[in-house]
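The values are calculated or read from the model by the stated rules, or taken from the named source; none is laboratory data. Not measured: the values here are computed from a predicted model. With ideal geometry, Cβ positions are generated from the backbone for all residues, glycine too; neighbour counts draw on all protein chains shown. What goes into the accessible areas is simple: the full protein's heavy atoms, side chains included, and nothing from ligands, DNA or RNA. Shrake-Rupley method; radii C 1.70, N 1.55, O 1.52, S 1.80 Å.
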Amino acid sequence: MDTRDSLSELEELSCGRTYGFSLAQDRKAFDLPGDEPRWPRDRVCDIKHVKLELVLDVESKSLRGVATHTLTPINDNLTTVELDAAELQIESVKLCPNGLPLDYSCEDNKLRIDLGAPHNAVDDLTLQIAYRCTPRRGLYFNAPDAAYPDRLTQVWTQGEDEDSRFWFPCHDFPNERFTSEIMVTVPGSWNTVSNGKLVSVKEDGPTKTYHWSQDVPHPVYLMSLVAGEYTEVQEEWNGVPIIYYSPPGREEDTRRAFGKTPKMMQFFAEKIGVPYPWAKYSQVSVEDFIFGGMENTSATTMTSSILHDERAHADYSADSIVAHELAHQWWGDLLTCRDWSHGWLNEGFATYFDLLFKEHDLGTDEFRYAVYQDANTYIREDSGHYRRPIVHNVYNHPVDLFDRHLYEKGGLVLHMLRFLLGDDLFWKAMHHYCVKNRGGNVTTEDLQRAVEESTGKNVDWFFHQWVFRGGHPGFNVSYSWEEDTSTAQLTVAQTQTADDLTSIFRMPVQVAFVTSDGRQTFRVNLSRKEQTFYFPLKDKPKMVQFDPGYWCLKTLDFTPPKEMLLYQLKQDEDVIGRIHAAQGLAKLGAPDCIEAIKESVLTDSFWGVQAEAARALGTVKSEAAMNALIECTGVSNPKARRAVVTALGEFKDGAVVKALTPLLQHDESYFVEAEAARSIARTKQPEAFDLVSGAIGRPSFNDVLTAQALSGLGVLKDERAIAIAKDMAAYGKPNRVREAALGCLGVLGEGKSDVVEFVADYVDDPWLRARNSAINALRELKDDKAVPALSRRISRELDGRVIRSCREAIAAIREGKDRSDDVKRLRDDMEKLQEENRKLTDRLNKLETGPGK
């Protein structure tokens, strides 16, 4: 499952930029009051097969079904079977093949079946359960209404984490595997997508019945059904049918999104050494999907937001999410975490295998930059929200765990394991782990055991510090050169606080030097709070690199001498080294440093370095840095150009507005236009309001321009924007726009009770992301009048993400109200100091250069 359920999060992987509002937070504990340890569920029987016979009533948004479970008791004398059945109307339970009626009861979303007599472990039982439901979760009916007359009529399911119980009775936990089949009756013009092979399609007047069969065992949350009007785009790889289901008229956009699937499948099968394990692979996009993508066995469901036109394709790609979900067909589907606390074995693997395909497809630069981005994504959560071990079983809802620790940090653990073992042993271990555990449930100990069995390497220490404890090293590195002995000295201090949660880390790291003899690389073993290393070299190095290639997850404070940074920015083959050089030079802020960074933005061969160099210039906040960025607005790569536009938003100067207005009016990239709107607003110049508000409503990919314009109006803090944001939040506006509008009100409504009341009404919005946006806005507004609405939402909400957002918002309001005024004053004072510092720096630079120089 890909939890990047908004355009901003999906798009971040293409460009390294997050759109929308961020919540600045002090690090809190992950565990919230009332959270309890959750343990794997007991199993009283072994479910062999589940057959669903379904009839969809689209008009009433309901279904009637028969669920048939074939099972065997695990122990003798089984008299009762309990299944999850949330809000299901059970009509009958029978023991087949004789059709013997069985007594049952329904309580606390459980179906308890009295088997009538004891059954032993040698018995095969078949339970047939007839039921009806109008599901609020698990199975979703999308249909047009008065506000959204063009919405497509579709039916789709989403089982993970534990929502299958809302549309059929089941053992709704990942520690049970069975084969399955689905027979579903739908309108005659519809197509369906489900797990496994399509066995038959039978027409009966105005309806059709599709019969799908999945003959490889899988957990319940991977059972899937999508139904609606779709056309098929068919491909094939090595005999495996690959099918893209497209909304009519969007076939080219569908091909554009999914087109690399065969190449991905070949790469994964070859590298893992295990062929694609399912009968076919289909991908279907649905409207209003509640996640980014879901890896149902052989039948992935995707948000329709990833379908994009040719203009968007210039700087947006769906390859990352497509690779992520395909990788799950091995990691998560063929091997499944035993319980959610070990969910990184699903999600961390899929996250890293997405990066591995990027390395294969686009090369080392793209791969390393993606690793760097994932590290920063995780570090933002760790430093600004909470820290936890990757394997952690204290939570309220399983989805609480589906965070940046589980995904990005989990993937980076595999990245570090690859460095530790080397490529050959890493892939040997991956193959052994997959083959040994295919078709089963796994824990982290199974992965560790597979690594040790296949390589002979003991990795207790590695998993202990990276997986079963939290955090990461913070390295402070200092360099010096001893001319008399021709020796480079490097002192490495670990600055993180060692406590019950976080270690002093043990990790091998590479250190490299470039001298007149060329490049020399050393491998050092870090294990203490502070260590000093000495490296004999022929002569004084031109460049020093700490962890070239970014193999170790970390924060790094290391600024070599200026001459080294200038050399590194131009000569380092490693993109991360060039990025660090640009950042180091920006800290120095001297005129020659600014010029060097500008040249990097204009001429570097990789767009990621150009983008990070532009952001580095934005941190300098001098007139010279501003002018350098203005010179860079014509850089050809749209992702780099967008970063330039973002960086220009750091300067409150009319020259920035003049430079960005043409880009707002038209650029080949939707995203450059959108970022121009927000950056113009960030300048807080008199003309900004009219320019930014004038961009609202212009067509763009997934309404990114309007969303960013609304974000900009929030930054501008012009009260005229309140009416605009209220209008854009209304039900009937595009969902992305509504989410941005509520975020805007979360900034503009500070101290305004009418805005708080307006936003609080959206806590009950039909669209879950609008609800979540409203909750986050209330959290920012810190008005205790919002607490009752948030508390009511918790009592009736079914989505665990929304529940956690409410709980965190209530805690933040109660903790933060007293200091919100202080924070506001500090923020305003900081902005004034930054502006004064920029002016002072400009005067100093002019004095240094002197007249005529």
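Side notes on the structure shown:
- Wholly within the range 423-534, helices (runs of 4 or more DSSP H) carrying at least 3 residues that are of a type outside the set (Ser, Thr, Tyr) and touching a Lys or Arg at 6+ places or on another chain (Cβ under 6 Å): none
- Considering residues of the range 213-244 that are touching a residue at least 60 places away in the same chain (Cβ under 8 Å) and surrounded by fewer than 16 Cβ atoms within 10 Å (Cβ to Cβ) only, the residue farthest from residue 322 (Cα to Cα): 215
- All conditions in (1) assigned to a strand (DSSP E or B); (2) closer than 20 Å to residue 245 by Cβ; (3) not basic (Lys, Arg) hold for residue 159, with the sole exception of (1).
- Checked against the criterion of being buried (at least 24 other Cβ atoms within 10 Å of the Cβ), of a type in the set (S, T, N, Q), in a helix (DSSP H, G or I) and at pLDDT 95 or above, the range 608-629 has at least one qualifying residue.
- Filter pass, residue 518 being more than 19 Å from residue 494 (Cβ to Cβ) and in contact with a strand residue (DSSP E or B) (Cβ under 6 Å, 6 or more places away or on another chain): no
- Comparison of 738, 678, 720, 698 shows that the only residue that is touching a strand residue (DSSP E or B) at 6+ places or on another chain (Cβ under 8 Å) and within 29 Å of residue 148 (Cα to Cα) is 738.
- Count of residues meeting criterion [of a type in the set (Gly, Ala, Ser), open to solvent by 10 Å² or more (accessible area, probe 1.4 Å) and either over 14 Å from the mean Cα position of the chain (by Cα) or closer than 22 Å to residue 466 by Cβ (or both)] in the range 297-340: 4
- Scan of the range 274-296 for residues that are buried (at least 22 other Cβ atoms within 10 Å of the Cβ) and of a type in the set (Gly, Ala, Ser), ordered by number: 282, 285, 292, 293
- Among the residues of the range 263-314, those that are within 30 Å of residue 772 (Cα to Cα) and either part of a helix (DSSP H, G or I) or among the hydroxyl-bearing types (Ser, Thr, Tyr) (or both) comprise 285, 297, 300, 301, 303, 304, 305, 306, 312, 313.
- A search for C-beta distances below 8 Å between a residue of the range 178-201 that is charged (D, E, K, R) and any residue that is not in a strand (DSSP E or B), counting only pairs 6+ apart in sequence or on different chains, returns 181/196; 197/279; 197/280.
- Selection status of residue 390, touching a residue at least 60 places away in the same chain (Cβ under 8 Å), surrounded by fewer than 22 Cβ atoms within 10 Å (Cβ to Cβ) and either within 20 Å of the chain's Cα centre (by Cα) or over 15 Å from residue 470 (Cα atoms) (or both): no
- Within the range 488-508, the set of residues being among the charged types (D, E, K, R) and surrounded by 14 or more Cβ atoms within 10 Å (Cβ to Cβ) comprises 506 only.
- Taken together, the residues in the range 630-656 that are open to solvent by less than 10 Å² (accessible area, probe 1.4 Å), under 21 Å from residue 708 (Cα atoms) and within 32 Å of the chain's Cα centre (by Cα) amount to 9.
- Within the range 561-573, being in a loop (DSSP other than H, G, I, E, B) and either open to solvent by less than 10 Å² (accessible area, probe 1.4 Å) or among the hydrophobic types (A, V, I, L, M, F, W, C) (or both) holds for one residue alone: 572.
- Taking the range 42-148 as the region of interest, the strands (runs of 3 or more DSSP E) fully inside it that hold 3 or more residues being crowded, with 16+ Cβ neighbours inside 10 Å and among the hydrophobic types (A, V, I, L, M, F, W, C) are 45-57, 62-73, 78-84, 89-96, 110-119, 125-133.
- Screening 213, 200 for residues that are touching a strand residue (DSSP E or B) at 6+ places or on another chain (Cβ under 7 Å), outside any loop (DSSP other than H, G, I, E, B), small (Gly, Ala, Ser) and within 21 Å of residue 294 (Cα to Cα) leaves exactly one candidate, 213.
- Elements of the type helices (runs of 4 or more DSSP H) sitting completely within the range 778-853 and holding at least 3 residues that are open to solvent by 80 Å² or more (accessible area, probe 1.4 Å) and at pLDDT 95 or above: these cover 787-796.
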